[in-house]
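Chemist: To start, I am sharing the structure in question, which I have written as structure tokens.
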Amino acid sequence: ELTDPSKAHELFSPEGLNGDAFSTDTFWGSATKYFNTVCLPQCMVPSANSTDSRTYTYSPPPDSDYAIHWKTLLSAPESDPSVSKIRAVMADAFTFVALPFSVCPYNAAMCVPVPGLELKDLGASTDYCSFGMANEVKDALGHAAAGVFETLGVASFKSAASESFGKWVGDFQASIDTFILVALISFAMGLIFLVLLRFFIGCCVWLSILFTIVMFFAGGFFFYVLSGQCEGAGLLDSGRQTAVAIAVAGQTVVTDVVQRREGEAESLTGRGEDYRGRQSYTRSGKRCLMWDTQKVMPEYSSQNYEALVSARNFCRNPYNATDLHKAKTIWCITPDPGVPWEECTPIGIVQPECVHGYEITGQHMRDALRYSSYVVWALGGLWLLVILCFINRIRLAIALNKVAAVFVAAHPTVLLVPVFQAIVAILWCTLWFYGASFLLSQVPDNYTPKGAYATYAEAYGTESPCSTFEYGDHCTAIPGACIDKWPSGGVWRDPDCDIQGNTTKCWRCSQPRYTMDWRFGVSFFVFLWNNAFNVALGQTLIAMAVGLWFFSANKSGMPVVLRAVRTVLRYHIGTVAFGSFIVALVEFIRYLMKYFEKQAQMRKNRCVVVLLKAVQCCLWCFEKCLKFLNKNAYIQTALMGTNFCTSARNAFALILRNVLRFGTVAVLGNAIRMIGFLCIMSSTGVVGYILMREMHPDISPFMPVLLFLMMAYVVSKLYMNVFGLAVDTCLQCFLAVEEMGLCSECVPGCLKNFASSVGRKSSETPRSSG
């Protein structure tokens, strides 16, 4: 069936000798495991029986279980008739025709076509071939069964072929005009957002703060309701009943206080026949009707039931001893035609006891939910108290964001600074990647061992079966001889095994595609330093431009960006270089710890890996703090003209003196930047989708709109980074006015009130002291 093409249909038949293997879904669903992937000039290849075809005779690998028996049979004397027949079968049945070398330029073992299969294109947009059933196989099995096998096999190959990527690229190329138009619209959306931000930022901030307070109390209410939810009752119904109980209790207390009236007893025992309280609402919040004037159930009146005497519209449980039907608790008649009557809960009882059990059966879990609600409410109250204490600082932060929005909208040329940074970064990274690729590719010939190994575990090593923080003798892992360092190579099985005595060694090491040495380390540090220098230079330029604009009397006609470029390039390059050097040094040490961590992983040293991860976490936090301090030091340099060390010291002292203001501005700034990202990206995505439908209705909008959103993210990042740095600079400018009395008449209009209040305080101080 394997060597005779005329019997190919029997190979795939369940009744054939190989039917248990080739007719199963498992085999065809794992086609990439059992077939070799090779490169061919075309999918339609000539028959393997052509004149220049090759042959391949199978022999088991030396490390297989039956290799020694195969070798014994081949070396046995031919005088034994049974051996000669077996050897004939081994020679004939295990010799296959392979494709010519001109068609399949690989070892003959990789070029043996399976009888009954034909190659065909996997898809018009891919360069992959898959297999299909030959016509004689389809005739023998039936087209339906053959189609099932084809589908399973093709699906297995399709998982490795990106057939839609080419179509996506084609869609983008066809809609490039829309992409350019949407890019321009995205920049316009950013400017519109900054203009609108000046007028609506206050409303957005206060609404956001109110939303957070409401969410705190709503979260606590949710936990509280869940802790007392009765079995079978809906969560919304339970929440409504709890809210009604709280509202009625609060209303009653306020009414009693205003009217100076003592509250009546709300005690209830048994069915509530002794209840004489003033509850006039049902559990769902419906207002009760007067007992003596209601027409829904006229038999329930004070004339028939003593409990309803002077009951007005209060909940009661009226019944006589001879009544067949008696309510379980107090109730009243409602004006809702759909609910003529409903049970009540005494005032002050927020969550009545559930007679039939609770939705959450565990008492400890219900207590935990109740206490969690108290904690959430306490946090909400604390948050409200913080907001009240920080209300002036919040107003100042809002004003600073307005000033920053006015600056960016008035001087949009400042957006060219990060654009120029991006261009320089791209050119520098391209050049560095080219040089780094050369350094990384210099893999020494003796980087991995040259010998062979008997087992895969000996060459590759073993993995620990334990979790990260589980230790013990059973967690021991052994490093492999081929991957005992990082970057590591691979392990491959050589068909030409080394045989040393009774040991067969078939596993060998493959070289990694790259490696790292001290030369790459030097190059990488230069890469980090240049990137940090690029970022620091942009921060200093923007801070200088904002400072010049902030303290200028004519805020509309001054070319602040060009003047900032001249000043920074002439006087402050050394400050920028020194500050970026410190950042690059810390980053390099953190990456060096990552390199050591990878080495420890290769050596299977889990303890050192955990330790190095902790060190990297600490370095990451230190790096973030250092970058924050450096940014404020560059602002100090732009405003005061001092060197880096002096600016860093002054910035640190300024942050300590105004830590609450810096914290408020940082939190509020992050929230506003997030809103900016959402607004610019969402508006760009919607406009881009509409334009795609209008300009290219025949193209699927999925990939173009995804690219529109990615482009909008870059644009919003551009705007928000400049805007955020402008806010930080405006804060330091205001603090300079406040602490040093610098040009208070130049303060932008949004900060006039704050600057005037500072001026009044400073003018009152000498008089009070005198």
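Chemist: Looking only at residues that are buried (at least 16 other Cβ atoms within 10 Å of the Cβ) and not β-branched (Val, Ile, Thr) in the range 89-107, which one is farthest from the chain's Cα centre (by Cα)?
Modeler: Within the range 89-107, the subset buried (at least 16 other Cβ atoms within 10 Å of the Cβ) is 90, 96-100, 103-104.
Right, trim to not β-branched (Val, Ile, Thr) and you get 90, 96, 98-100, 104.
Numbers: Met90: 58, Phe96: 52, Ala98: 50, Leu99: 49, Pro100: 51, Cys104: 45 Å.
Step by step, filter the range 89-107, then rank; the result is Met90.
Chemist: Suppose we keep only residues that are open to solvent by 40 Å² or more (accessible area, probe 1.4 Å) and in contact (Cβ under 8 Å) with a residue 40 or more places away in the chain within the range 541-558. Which one would you say is nearest to Met640 (Cα to Cα)?
Modeler: Result: Phe551.
Chemist: Just need a number here: residues in the range 353-382 that are assigned to a loop (DSSP other than H, G, I, E, B) and surrounded by 14 or more Cβ atoms within 10 Å (Cβ to Cβ).
Modeler: Restricting attention to the range 353-382, the residues satisfying the condition of being assigned to a loop (DSSP other than H, G, I, E, B) are 353-357, 359-362.
Next cut, surrounded by 14 or more Cβ atoms within 10 Å (Cβ to Cβ) only: 354, 359-360.
Total satisfying the criteria: 3.
Chemist: Check Pro704, Pro697 and return the single one that is assigned to a loop (DSSP other than H, G, I, E, B) and either open to solvent by less than 20 Å² (accessible area, probe 1.4 Å) or without any contact (Cβ under 8 Å) to a residue 12 or more places away in the chain (or both). Even if it seems obvious, please write down each step before you answer.
Modeler: Working: Pro704 fails: assigned to a loop (DSSP other than H, G, I, E, B).
After ruling out the rest, the residue left standing is Pro697.
Chemist: When you scan the range 663-685, do you find a residue that is under 24 Å from Gly538 (Cα atoms), β-branched (Val, Ile, Thr) and open to solvent by 40 Å² or more (accessible area, probe 1.4 Å), even just one?
Modeler: The answer is yes; a qualifying residue exists.
Chemist: Here is a further query. Restricting the range 286-296 to residues that are open to solvent by less than 80 Å² (accessible area, probe 1.4 Å) and of a type in the set (A, V, I, L, M, F, W, C), which is farthest from Val248 (Cα to Cα)? Break it down into steps so the answer makes sense when it comes.
Modeler: Start the filter on the range 286-296 by keeping residues that are open to solvent by less than 80 Å² (accessible area, probe 1.4 Å), which leaves 286, 288-289, 291, 294, 296.
Filter once more, keeping what is of a type in the set (A, V, I, L, M, F, W, C): 288-289, 291, 296.
Values: Cys288: 13, Leu289: 16, Trp291: 20, Val296: 24 Å.
Out of the qualifying residues, it is Val296.
Chemist: Also, I was wondering about something else. What single numbered condition from (1) farther than 17 Å from Tyr275 by Cβ; (2) open to solvent by 50 Å² or more (accessible area, probe 1.4 Å); (3) assigned to a loop (DSSP other than H, G, I, E, B) fails to hold for Val339?
Modeler: For Val339, the exception is condition (2).
Chemist: For the range 430-438, check the following and say yes or no: at least one residue is loosely packed, with under 13 Cβ neighbours inside 10 Å, under 30 Å from Tyr719 (Cβ atoms) and not aromatic (Phe, Trp, Tyr).
Modeler: Initial filter on the range 430-438 (loosely packed, with under 13 Cβ neighbours inside 10 Å): 430-431, 433-434, 437-438.
With under 30 Å from Tyr719 (Cβ atoms) added as a condition, the list becomes 430-431, 433.
Then drop every residue that is not not aromatic (Phe, Trp, Tyr), which leaves 430-431.
Checked against the condition, which is being loosely packed, with under 13 Cβ neighbours inside 10 Å, under 30 Å from Tyr719 (Cβ atoms) and not aromatic (Phe, Trp, Tyr), the range 430-438 yields at least one hit.
Chemist: Collect the residues in the range 632-662 that are in contact with a Gly (Cβ under 9 Å, 6 or more places away or on another chain) and open to solvent by 40 Å² or more (accessible area, probe 1.4 Å), keeping them in residue-number order. Quick ask: steps written out before the conclusion?
Modeler: The first filter runs over the range 632-662 and keeps only residues in contact with a Gly (Cβ under 9 Å, 6 or more places away or on another chain), leaving 633-635, 637-639, 643-644, 647-648.
The answer is Leu639, Asn643.
Chemist: Same structure, new question: It is to be established whether one or more residues within the range 432-452 are outside any helix (DSSP H, G or I), in contact with a strand residue (DSSP E or B) (Cβ under 7 Å, 6 or more places away or on another chain) and not hydrophobic (A, V, I, L, M, F, W, C).
Modeler: yes
Rundown of residues vs (1) out of contact with any strand residue (DSSP E or B) (no Cβ under 9 Å at 6 or more places or on another chain); (2) hydroxyl-bearing (Ser, Thr, Tyr); (3) open to solvent by 40 Å² or more (accessible area, probe 1.4 Å); (4) without any contact (Cβ under 8 Å) to a residue 12 or more places away in the chain, yes/no style:
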| site | (1), (2), (3), (4) |
| --- | --- |
| Pro298 | yes, no, yes, yes |
| Ser301 | yes, yes, no, yes |
| Leu308 | no, no, no, no |
| Asn313 | no, no, no, no |
| Asn320 | yes, no, yes, no |
| Leu324 | yes, no, yes, yes |
| Lys328 | no, no, yes, no |
| Pro335 | no, no, yes, no |
| Ile349 | yes, no, yes, no |
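Chemist: Do any helices (runs of 4 or more DSSP H) entirely within the range 547-645 hold 1 or more residues that are more than 39 Å from the chain's Cα centre (by Cα), and if so, which?
Modeler: Details: elements: 560-571, 573-602, 606-640.
Answer list for the range 547-645: 560-571, 606-640.
Chemist: Does Val350 satisfy the condition of being outside any helix (DSSP H, G or I), modelled with pLDDT of 90 or more and not acidic (Asp, Glu)?
Modeler: Taking the combined requirement at face value, the residue does not satisfy it.
This table checks each residue for (1) exposed (fewer than 13 other Cβ atoms within 10 Å of the Cβ); (2) part of a helix (DSSP H, G or I); (3) touching a Lys or Arg at 6+ places or on another chain (Cβ under 9 Å); (4) hydroxyl-bearing (Ser, Thr, Tyr).
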| residue | (1), (2), (3), (4) |
| --- | --- |
| Cys204 | no, yes, no, no |
| Ser238 | no, yes, no, yes |
| Val248 | no, yes, no, no |
| Gly270 | yes, no, no, no |
| Ser284 | no, no, yes, yes |
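Chemist: Which residue out of Lys598, Lys624 is under 27 Å from Val714 (Cα atoms) and either without any contact (Cβ under 8 Å) to a residue 24 or more places away in the chain or open to solvent by 40 Å² or more (accessible area, probe 1.4 Å) (or both)?
Modeler: Details: Lys598 fails: under 27 Å from Val714 (Cα atoms).
Checking each option against the conditions leaves just Lys624.
Chemist: Looking at the range 400-414, which of the residues that are among the hydrophobic types (A, V, I, L, M, F, W, C) and surrounded by fewer than 21 Cβ atoms within 10 Å (Cβ to Cβ) is farthest from Gly724 (Cα to Cα)? Spell out how you get there, then give the answer.
Modeler: Step one: of the range 400-414, the residues among the hydrophobic types (A, V, I, L, M, F, W, C) are 400, 403-410, 414.
With the extra rule that they be surrounded by fewer than 21 Cβ atoms within 10 Å (Cβ to Cβ), the set shrinks to 409-410.
On the way: Ala409: 14, Ala410: 16 Å.
Of everything passing the filter in the range 400-414, Ala410 is farthest from Gly724 (Cα to Cα).
Residue by residue, here is whether (1) touching an Asp or Glu at 6+ places or on another chain (Cβ under 9 Å); (2) acidic (Asp, Glu) holds:
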site: Thr282; (1), (2): yes, no
site: Trp291; (1), (2): no, no
site: Met297; (1), (2): no, no
site: Asp323; (1), (2): no, yes
site: Cys332; (1), (2): yes, no
site: Pro335; (1), (2): no, no
site: Val339; (1), (2): no, no
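Chemist: Please determine, by comparing only the residues of the range 608-621 that are touching a residue at least 24 places away in the same chain (Cβ under 8 Å) and open to solvent by 40 Å² or more (accessible area, probe 1.4 Å), which one is farthest from Asn534 (Cα to Cα). Walk me through it before giving the result.
Modeler: Here is the first cut: in the range 608-621, the residues touching a residue at least 24 places away in the same chain (Cβ under 8 Å) are 610, 616, 619-620.
Still in the list and also open to solvent by 40 Å² or more (accessible area, probe 1.4 Å): 610, 620.
Working: Val610: 34, Trp620: 20 Å.
Once the filter is applied, the top-ranked residue is Val610.
Chemist: Ok, one more. Do we find that Trp507 is assigned to a helix (DSSP H, G or I), crowded, with 20+ Cβ neighbours inside 10 Å and of a type in the set (Phe, Trp, Tyr) in this structure? Reasoning before the result, please.
Modeler: Details: assigned to a helix (DSSP H, G or I): no; crowded, with 20+ Cβ neighbours inside 10 Å: yes; of a type in the set (Phe, Trp, Tyr): yes.
Considered against the rule, which asks whether it is assigned to a helix (DSSP H, G or I), crowded, with 20+ Cβ neighbours inside 10 Å and of a type in the set (Phe, Trp, Tyr), Trp507 comes out as no.
Chemist: Report those strands (runs of 3 or more DSSP E) wholly inside the range 70-135 carrying at least 3 residues which are farther than 29 Å from Asp494 by Cβ and at pLDDT below 75.
Modeler: Once the strands (runs of 3 or more DSSP E) in the range 70-135 are filtered for at least 3 residues that are farther than 29 Å from Asp494 by Cβ and at pLDDT below 75, what remains is 117-121, 129-133.
Chemist: If you scan the range 250-268, which residues turn out to be surrounded by 14 or more Cβ atoms within 10 Å (Cβ to Cβ) and not in a helix (DSSP H, G or I)?
Modeler: Gly263, Glu266, Leu268
Chemist: Moving on. Suppose the filter is outside any helix (DSSP H, G or I), open to solvent by 20 Å² or more (accessible area, probe 1.4 Å) and hydrophobic (A, V, I, L, M, F, W, C); does Cys482 pass it? Let's see the steps before the verdict.
Modeler: Numbers: outside any helix (DSSP H, G or I): yes; open to solvent by 20 Å² or more (accessible area, probe 1.4 Å): no; hydrophobic (A, V, I, L, M, F, W, C): yes.
Spelling it out, it is not the case that Cys482 is outside any helix (DSSP H, G or I), open to solvent by 20 Å² or more (accessible area, probe 1.4 Å) and hydrophobic (A, V, I, L, M, F, W, C).
The values are calculated or read from the model by the stated rules, or taken from the named source; none is laboratory data. Computed from a prediction, not measured in an experiment: that's the story for all the values here. Using ideal geometry, Cβ is built from the backbone for each residue, glycine included, and neighbour counts are taken over all protein chains shown. Accessible surface areas use protein heavy atoms only, side chains included; no ligands, DNA or RNA. Shrake-Rupley method; radii C 1.70, N 1.55, O 1.52, S 1.80 Å.
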